[in-house]
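The values are calculated or read from the model by the stated rules, or taken from the named source; none is laboratory data. Predicted model, so just to flag it, every value in this text is computed and none were measured. Ideal geometry is used to build each Cβ from the backbone, glycine not excepted, and the neighbour counts take in all protein chains shown.
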Amino acid sequence: MATVESLLGRPVNPTLFTVEAFSQRVKEDSAFITRVLAQPKIWLIGEEHDLPT
């Protein structure tokens, strides 16, 4: 993480969810998830259509 933070010049704070927890937060209209989904992303693995809904 330190290497990535150094390259970006800012902290990186990963947040991990199980598929079930992510899906539940989408259904609950979580402000955090809504904001993340609305912002540009850099995909390391997969693509946007791979996200559970």
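Scanning the stretch 1-24 for residues that are within 12 Å of the chain's Cα centre (by Cα) and surrounded by 10 or more Cβ atoms within 10 Å (Cβ to Cβ), we see that the one that is farthest from Glu48 (Cα to Cα) is Val12. Using the structure shown, decide if Thr34 is surrounded by 10 or more Cβ atoms within 10 Å (Cβ to Cβ) and without any contact (Cβ under 8 Å) to a residue 40 or more places away in the chain. It is true that Thr34 is surrounded by 10 or more Cβ atoms within 10 Å (Cβ to Cβ) and without any contact (Cβ under 8 Å) to a residue 40 or more places away in the chain. Within the stretch 1-29, residues that are polar (S, T, N, Q) sit with their Cβ atoms under 7 Å from residues that are modelled with pLDDT under 95 and not in a helix (DSSP H, G or I), at 6+ positions apart or across chains, in these pairs: Ser23/Pro52. In the condition set (1) more than 10 Å from the chain's Cα centre (by Cα); (2) at pLDDT 90 or above, Thr53 is compliant with all but (2). Being β-branched (Val, Ile, Thr) and outside any helix (DSSP H, G or I) narrows it down to one of Ile33, Ile45, so name that one. One residue alone meets the criteria, Ile45.
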